[in-house]
Each structure stands twice: as C-alpha cells, then as structure tokens.
Amino acid sequence: MKPVLMDASSAILLFKARRLSDILARYRVLLPASVLAELTVSGRPGERRFGGLVRTGCAQILAPPDEESAPPVVLRRLGAGERDCIRAFLDGHGDFILMDDGKGAGYCRRVGIPYVNALLVPRLLEPRCPSPRRVLADMQRIYRLGRYAPWVLSHATRLTPRDLHRFLP
C-alpha cells in the first residue's frame, strides 16, 4: 500500500465524513506523534477511534523529529502536526501528504511537496466511480465540514485523472 502522511485536520474531516476507514483500508497511513497527540485530546470528535489506530495497527506512528535538528524558520510558523508531517516527508517518509492546513498546504505548494487535501479523497478512492454524483456529494459533504475557500472546491473538481494519478492507491 502507498504510504501517506496525514495531518490532524484531514483525519478529523475524514472521520466526520465517514471516510476514515476507507483511507485506512487503501493506504498505509503514517501519523507523526504530534498528530496523534492532536487527535486524541479528550472530548474531541473521534478521540477513541484515533486512539485505537495505534492499538489495532491501522496507522503507523512516527517518532518525534530529532530535537537537535531545528526546523527551518518558515516551518516554525506551522502547527506541530503540519510541521512534523512536512519534516517526515523531507526525511523520506510517505509518498505524499494529506493536509488540510492552509499554511502547511501553501508551504507544500511553494517547495514542490506533493500533497492533497481531504476534499480529494473521494476521487482518489473511487477514480473510476460509476456514479460521479456520489463522489461529488462526498466532496461537498467534506467541503461543508471543513473550512475551505470556494476556489479550493472548484480546483478539486477540475483536476483531471492525470493530475491525481500519483496519489492513487
């Protein structure tokens, strides 16, 4: 299975949209320890489910980055989970990042790190879906659950299968 790094925002959106199990079944999900800490805060949506990911082996938890190697200044502006996803990718973990943090996504775009957001998960999981309406409905549900600018949904629906090929399971 293709390894993907995932941030907390994406995991929570996929949990709320009832697509988390699908991504866990089709990808080898890598979570930096800081992301797991964000996901398992008491009282947060999906706290038990995310805690169970480790016990059941559904996701691989990556050790925190070496504290001696300070992240570049630009990465210090990101949340710990997004920063650690990017650092893990740069250290050779994962084929791409699943990230729904705007600042983190902007950094990935600027430096050429391959990433997608949760809006694209329905398209990745069902690239040859016989019912494009169902895929679009799933994307719209994730859009309503998230905090996306309208252009993000528009862009996500315009991407071609060729644009998404490298992210397919």
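The values are calculated or read from the model by the stated rules, or taken from the named source; none is laboratory data. Keep in mind that what you see is a predicted model, and the values were worked out from it rather than measured. Note that each Cβ is placed from the backbone with ideal geometry, even for glycine, and that neighbours are counted across all protein chains shown. These accessible areas exclude ligands, DNA and RNA; they are computed on the full protein's heavy atoms, side chains included. Shrake-Rupley method; radii C 1.70, N 1.55, O 1.52, S 1.80 Å.
At-a-glance table
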{"quantity": "Proximal charge balance of Phe50 [Cβ under 11 Å; K/R count +1, D/E count -1]", "calculated": "+2"}
{"quantity": "Net +/- balance of residues flanking Ala17 in space, Cβ distance below 11 Å, scoring K and R +1, D and E -1", "calculated": "+3"}
{"quantity": "Cα-projected label distance for Asp95 with Thr56, points at 7 Å along beta-carbon direction, nm", "calculated": "2.3 nm"}
{"quantity": "Simple Cβ-charge dipole of the chain, Lys/Arg +1 and Asp/Glu -1, about Cα centre, in debye nearest 20", "calculated": "820 debye"}
{"quantity": "Per-residue [θ]222 nm for the chain (sum of -39500 (n - 2.57) over DSSP H runs n ≥ 4, rounded to 500)", "calculated": "-14000 deg cm²/dmol"}
{"quantity": "Residue-level accessible surface for Glu47, protein heavy atoms, 1.4 Å, Å²", "calculated": "60 Å²"}
{"quantity": "Gain on full stretching of the segment that runs from Glu126 to Arg26 - 0.36 nm per residue minus C-alpha separation", "calculated": "34.9 nm"}
{"quantity": "For Thr56, solvent-accessible area (1.4 Å; no DNA, RNA or ligand), Å²", "calculated": "90 Å²"}
{"quantity": "Computed lengthening from Trp151 to Ala137, 0.36 nm per intervening residue step minus Cα-Cα distance", "calculated": "3.3 nm"}
